[in-house]
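Peer 1: So that we are looking at the same thing, I have put the structure below in structure tokens.
The values are calculated or read from the model by the stated rules, or taken from the named source; none is laboratory data. Because the structure is predicted, anything quoted here is derived from the model rather than measured. Every residue, glycine among them, receives a Cβ derived from its backbone with ideal geometry; neighbour counts consider all protein chains shown.
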Amino acid sequence: MIVLAYVLIAAAFAFAYSLGAHYTGACMGMPYAAGAIRLVPALVLMAPFVVLGAVFASGAVEATVGHGILSTATVAIPLAVAIVVSAFCLTAAYNAVALPTSTIQILVFSAVGAGLGAGVGIRWGTIETLLGVWAAAPFAACGLGFVFTRLLDRWGGRGPAAGKGLQLTGHAAIALVAIGTAASFAMGANDVANASGAFVMTGLFGLTIAGLIGGIGMALGVLTWGRPLLQRVAFDVVKLDPRTAAASQLAQSAVILVSVSFGYFTSMNQALVGAMIGAGLARPGGTVQRRTVRGILAGWGVGPVSGAALGLVLALALRTAHLL
């Protein structure tokens, strides 16, 4: 069992590393796309704020993952390994093809599939609440993205300055980068539990240490593997100017931080794409790249199904091997 505990720690850390890379675009995509910051400085600035969010603001979400999905008081270490390995493998596969899926949905449904395979009860009330949050978040972000874009256009003046040709001033660049760092903090708070929640499930570590381990893994993923997702979200989903970039990132951060404050996590990518759609709709002619959005939506559909299936298979394999 001690060996399996080390396997769980290694798998969770690797998963956190993958998460850090997976969400770089959702945090720093907007300031990078608008030219407010270069690629490497964006990643270097993002990393410490991810750790801060993971350590100081993730406790409620970690408790939800650790105690709110499966009905057993303490999850057996082999079952936690199955959950983390399932979510990690799928996230890594989607990272390899630069597809911004919802890692949170993959993790939750990996836990559901693994629980069913192991004969452990599922807290379906938590799942229903999460489904409601996930459904509402993109629409809330879309509405906020629309409103924020209109407000910024009104504040900055109409005409050519409100369109794609807007020049990025020093103050606007600083504001965009600040919003990106806030999104990075929100990502640490929102997403670290995907990996570190397994520590809480099994009782290996408390909330703070679990968040720290996961946060360090995420920061390393940002620094060493974040470039592909950052470039995809920054340039392939919506044609941005500084105002729509700021509105989109601000709307995303607001939705995520409100969700986290209630102990629930939701997809950074879904919130960001929803916000970008709202920002695009706020401008005549629409700037949303619909083909790319359709591809991302397909990835969101595949993620939960594949997570549940793989979690179920791994748990059944562990039962067959008499490890559960």
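Peer 1: Of the numbered conditions (1) small (Gly, Ala, Ser); (2) assigned to a helix (DSSP H, G or I); (3) modelled with pLDDT under 95, Gly35 satisfies every one except a single condition; which is it?
Peer 2: (2)
Peer 1: May I pose another question? Residues Ala73, Ala10: which one is over 17 Å from Pro228 (Cα atoms), free of Cβ contacts under 8 Å to residues at least 12 places away in the same chain and not in a helix (DSSP H, G or I)?
Peer 2: Checking each option against the conditions leaves just Ala73.
Peer 1: Moving on to the next point. Has region 23-45 got at least one residue that is surrounded by 24 or more Cβ atoms within 10 Å (Cβ to Cβ) and more than 20 Å from the chain's Cα centre (by Cα)?
Peer 2: Yes, the conditions are met somewhere in region 23-45.
Peer 1: Please find, among Ala73, Ala82, Ala96, the residue that is crowded, with 18+ Cβ neighbours inside 10 Å and over 21 Å from Ala189 (Cα atoms).
Peer 2: When all the criteria are applied, what remains is Ala82.
Peer 1: Also, quick follow-up: Quick one: is Phe88 touching a Cys at 6+ places or on another chain (Cβ under 9 Å), more than 19 Å from Ile2 (Cβ to Cβ) and buried (at least 18 other Cβ atoms within 10 Å of the Cβ)?
Peer 2: Criteria not met by Phe88.
Peer 1: Which condition from (1) modelled with pLDDT of 95 or more; (2) buried (at least 22 other Cβ atoms within 10 Å of the Cβ) is the one that Val147 breaks?
Peer 2: (2)
Peer 1: Among all residue pairs at least 6 apart or on different chains, which show Cβ distances below 9 Å where the first residue, located in region 41-57, is touching a residue at least 40 places away in the same chain (Cβ under 8 Å) and over 12 Å from Thr208 (Cβ atoms) and the second is assigned to a helix (DSSP H, G or I) and acidic (Asp, Glu)?
Peer 2: Correct list of pairs: Val50/Asp191; Gly53/Asp191.
Peer 1: How about region 201-218: which of its residues are surrounded by fewer than 24 Cβ atoms within 10 Å (Cβ to Cβ) and assigned to a helix (DSSP H, G or I)?
Peer 2: Those that are surrounded by fewer than 24 Cβ atoms within 10 Å (Cβ to Cβ) and assigned to a helix (DSSP H, G or I): Thr202, Leu207, Thr208, Ile209, Leu212, Ile213, Ile216.
Peer 1: Could you go through region 232-249 and let me know if any residue there is under 14 Å from the mean Cα position of the chain (by Cα) and at pLDDT 70 or above.
Peer 2: yes
Peer 1: Report, by residue number, each residue of region 104-118 that is more than 21 Å from Ser267 (Cβ to Cβ) and under 19 Å from the mean Cα position of the chain (by Cα).
Peer 2: Those that are more than 21 Å from Ser267 (Cβ to Cβ) and under 19 Å from the mean Cα position of the chain (by Cα): none in region 104-118.
Peer 1: Name the single residue, out of those in region 119-153 being in a loop (DSSP other than H, G, I, E, B) and among the small types (Gly, Ala, Ser), that is nearest to Met268 (Cα to Cα).
Peer 2: Per the stated criteria, the residue is Gly121.
Peer 1: Val61 versus (1) surrounded by fewer than 24 Cβ atoms within 10 Å (Cβ to Cβ); (2) among the aliphatic types (A, V, I, L, M); (3) assigned to a helix (DSSP H, G or I): which is the lone unmet condition?
Peer 2: Of everything listed in (1) surrounded by fewer than 24 Cβ atoms within 10 Å (Cβ to Cβ); (2) among the aliphatic types (A, V, I, L, M); (3) assigned to a helix (DSSP H, G or I), Val61 misses just condition (1).
Peer 1: Within the set of pairs 6+ apart or on separate chains, which have a first residue in region 274-290 that is modelled with pLDDT under 65, a second that is surrounded by fewer than 24 Cβ atoms within 10 Å (Cβ to Cβ) and assigned to a loop (DSSP other than H, G, I, E, B), and C-beta atoms under 6 Å apart?
Peer 2: Partner pairs satisfying both residue conditions: Thr287/Lys239.
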